Amino acid sequence: RNRCAYLADEVGSGKTYVALGVMSLLRYFNPHAKITVIAPRENIQRKWIKELENFVHFNWKSVGNRIKSIQGRPAWEPVYCNSLFDFIHEVLLDANRDFFLRMPSFSLRLKDAESQKRLKSEVLKHIRWIDKRSLTISEKNYQEFGNAFGCILNAAIPEIDLVVVDEAHKLKHGFGQNVSTRNRIMGLAFGHHAGNENMFEWFKKKAKHVLFLSATPFEEEYATIQRQFG
């Protein structure tokens with residue numbers, strides 16, 4: 001109903017390979033499907049790319065240039081994104097690839113004016129058609145700056161057929177006024193409905209389907225899972 005699924009198998013039971021199977025089947029039935037993976041940290045981000053290459057080489061038998069190329073590698077190039085702006089740059093360069101991000105890339109320093117100026121300069125360098133007045137530097141209202149920043153990132157991101165979030169329990173605080181900058185920026189970049197409050201004409205939902213992976217989806221209360229879906 002919500003085009004969202006949660007795979008909560010135990011550690012070591014093969015969640016990554018199940019997700020790779022889902023990604024491959026999606027690509028098989030829709031050769032133009034766009035896929036993005038968000039890992040919890042850099043080493044796992046790199047591991048995802050390695051596992052994708054191994055999965056395609058050893059487990060996907062059909063060579064049809066949808067999933068497996070004639071060279072035995074992923075037909076869609078996996079792209080390692082070292083930062084949020086690296087992701088934006090690569091997407092604008094060629095969106096027809098698989099992108100691998102990590103959660104800390106969405107953790108941005110917003111509370112001081114100098115950090116906001118650097119972020120504003122960087123984002124306008126990549127998305128040049130955005131009106132500079134869309135981002136107002138303000139130490140007092142740094143959360144508003146962060147919200148506008150997330151919405152502007154949304155302008156550069158194409159519609160993504162599948163977003164895979166590994167170790168999704170790290171998003172257990174969900175989306176709200178008092179949650180981490182990381183959660184808000186990530187949510188707005190991919191089109192969280194709260195972004196509509198900013199009245200940006202380009203803003204819309206960018207993730208058509210989401211697959212969460214976690215061996216520990218909640219610890220004390222079931223509401224933790226609900227917040228992750230939020």
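If you roll a 1.4 angstrom probe over the protein chains with everything in place, what fraction of the accessible area of the stretch 157-230 belongs to carbon and sulfur, to the nearest %?
Details: 1920 of 3800 Å².
Ligands and nucleic acids excluded, carbon and sulfur give 51 percent.
Are there trypsin sites (Lys or Arg not before Pro) in the stretch 1-63 that DSSP puts in a loop and that have at most 12 other Cβ atoms within 10 Å, and which ones?
Loop-located and lightly packed - R1, R3, K61.
Net charge around G146, counting only other residues with Cβ within less than 11 Å of its Cβ (Lys, Arg = +1; Asp, Glu = -1)?
Here the count lands on +3.
Rg and Dmax of the stretch 45-151 over Cα atoms: what are they, in angstrom?
For the stretch 45-151, the Cα radius of gyration and maximum Cα-Cα distance read 18.4, 57 Å.
In nm, give the distance between the simple-model label positions of R3 and E114, each being 7 Å from the Cα along the Cα-to-Cβ direction.
4.3
Rounded to the nearest 500, what is the chain's calculated 222 nm mean residue ellipticity when only DSSP H runs of at least 4 contribute -39500 (n - 2.57) each, over all residues?
-11000 deg cm²/dmol
Suppose every Lys and Arg Cβ carries +1 and every Asp and Glu Cβ carries -1, with no other charges. What dipole size does the chain come out with about its Cα centre, to the nearest 20 debye?
400
Starting from 0 in steps of 10 Å, tell me what percent of the Cα-Cα pairs of the chain lands in each bin.
With a bin width of 10 Å, the distribution comes to 8, 32, 35, 19, 6, 0.
Exactly which GluC sites (Glu not before Pro) in the stretch 33-110 are in a DSSP loop and have at most 12 other Cβ atoms within 10 Å?
none
Using only C-alpha atoms and all pairs of different ones, pull out the Kirkwood radius for the stretch 1-110 in Å with one decimal.
14.9
Can you tell me which lysines have their Cα less than 30 Å from the Cα of K125? Leave out same-chain residues fewer than eight positions away.
The reachable lysines, counting only those whose Cα sits under 30 Å from K125, are K34, K111, K117, K140, K204, K205, K206, K208.
Find the relative contact order for the chain and round it to a whole percent, using C-alpha pairs within less than 8 Å whose residues are 6+ positions apart. Provide the component values of the computation, followed by the final result.
Values: 379 pairs, mean separation 58.4, N = 230.
25 percent.
Test of the criteria: in the stretch 94-191, which chymotrypsin sites (Phe, Trp or Tyr not before Pro) are in a DSSP loop and have at most 13 other Cβ atoms within 10 angstrom of their Cβ?
Sparse-neighbourhood loop chymotrypsin sites (Phe, Trp or Tyr not before Pro): W129.
Nothing charged except the Cβ atoms of Lys and Arg (+1) and of Asp and Glu (-1): what's the magnitude of the dipole of the stretch 106-177 about its Cα centre? Round to the nearest 20 debye.
380
Select from S107, H126, G14 the residue farthest towards the positive end of the dipole of the chain; place +1 on Cβ of Lys and Arg, -1 on Cβ of Asp and Glu, and compute about the Cα centre.
The listed residue farthest towards the positive side: H126.
The values are calculated or read from the model by the stated rules, or taken from the named source; none is laboratory data. Just so you know, these numbers come straight off a predicted model, no measurement behind them. Note that we place each Cβ from the backbone using ideal geometry, even for glycine, and neighbour counts take in every protein chain shown. Please note that ligands, DNA and RNA were not included when accessible areas were found on the heavy atoms of the full protein model with its side chains. Shrake-Rupley method; radii C 1.70, N 1.55, O 1.52, S 1.80 Å.
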